[in-house]
1. Between beta-carbons, use under 13 Å as the cut-off and find the net charge around E184, counting Lys and Arg +1, Asp and Glu -1.
2. Ranking request for peptides 8-17, 252-261, 140-149, 239-248: highest mean number of other beta-carbon atoms within 10 Å first, then the rest in descending order.
3. What does the net charge come to around R66 if you take all other residues with beta carbon closer than 12 Å to its beta carbon, with K and R at +1 and D and E at -1?
4. N68's amide H: which non-local residues (gap 5+, or another chain) put their own amide H closer than 5 Å, with H modeled 1.01 Å from N in plane and none for Pro or chain starts?
5. Antiparallel DSSP bridges in segment 2-300: what percent, to the nearest 5?
6. Run through all the Cα pairs of segment 182-308 and give the fraction in each 5 Å bin from 0, expressed as whole percent.
7. Once the Cβ-Cβ distance between F152 and K20 is put in as r, and R0 is 22 Å, what FRET efficiency do you end up with, to the nearest 0.05?
8. At a Cα cut-off below 28 Å, give the lysines reachable from K139, other chains included and same-chain residues fewer than 8 away excluded.
Amino acid sequence: MSLLVVGTVAFDAIETPFGKTDKIIGGAATYISLAASYFTRKKINLVSVVGGDFPESAIKMLKDHRVNVDGLQILKDKKTFFWSGKYHNDMNTRDTLATELNVLGEFDPIVPASYQDCEFLMLGNLMPAVQLKVIAQLKNRPKLIVLDTMNFWMDIALAELKETLALVDVLTINDSEARQLSGEYSLVKAAAKILKMGPKYLIIKKGEHGALLFHKDQVFFAPALPLEDVFDPTGAGDSFAGGFIGFLAETKDISFDNMKRAIIFGSAMASFCVEKFGVEKLIGLTQKDVDERVQEFVDLVQFDIALV
Ligand code: AMP
């Protein structure tokens, strides 16, 4: 039984108050797979698409993190998906400068037969129609389907997104996307509306202000680690999703209590991600780094109160 990750594998160009990059390796599925690799001992099955311009060294880097690339289509005469963004001084908000779909424009995902044992499915940010096609190809419904999406798809593919939402267990979006999707400003009201659209669990990410997990009438809050230096928030949400699903896939426990733990592991991976540009920080971590970071989260929120 395995973890299947679907999403973009991309070139990104990023501008933050601390610097600017040329085209570097990015993409939702890249961040998710790398983050998940610190939790799962098994291979992570990837479904995505790149162009002939995508470097062999980046594919090797994924393989080195136990990512199975049998489901990665390489369209030799096409260009890889390209995204460019510029962060504002608060580092919590950004403007998208360019989204060039390229290979993604005509992407027809094929789930290899060897991926049919999928127990945990992470549908990373991608066209909702592609996410739907992947669900449709699985002969058995996974134990857990997690979906990540963004305002871009709410703007141009809301109907397909709603169709996909009806089929998933967990939705992860940020606070402004939760407001856009629900039409509600209060996140509590937004969550109540979104939970009626299909997902049983909703995670609302609030950048440096942590994340909320909603399920029925339960709510859990996980902080983000206060960091001295945040260089590049790109991929933080995907790293969060990777840590979250990687931990759940390894423990195979999808109870609310275990999801709370998974959110802390996800937050830990997001905190690493933002400390360097692109995937740089995520590729060289050790188990000790991850354990120490998770302990920092535990210490951050642990307190005793004796109520009389
Ligand atoms: P995040 O910062 O977690 O929202 O994720 C950033 C990553 O998402 C970047 O590496 C981009 O390549 C990728 N990305 C940006 N826009 C899109 C989009 N419309 N669909 C899929 N992936 C995207």
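1. +2
2. Descending mean neighbour count gives 239-248, 8-17, 140-149, 252-261.
3. Computed value for this residue: +3.
4. Those lying under 5 Å, H to H, from N68 are I44, N45, L46.
5. In segment 2-300, approximately 40 percent of DSSP beta bridges are antiparallel ones.
6. Here the calculated profile for segment 182-308 is 2, 10, 19, 22, 19, 13, 10, 4, 1, 0.
7. The formula returns an efficiency of 0.50 here.
8. Excluding near neighbours in sequence, the set is K42, K43, K63, K162, K196, K200, K252.
Throughout, read-outs are computed from the coordinates displayed, never taken from laboratory work. Every value quoted in this text rests on a predicted model; they were computed, and no experiment measured them. As a convention, Cβ positions derive from the backbone with ideal geometry for all residues, glycine included, and neighbour counts pool all protein chains shown.
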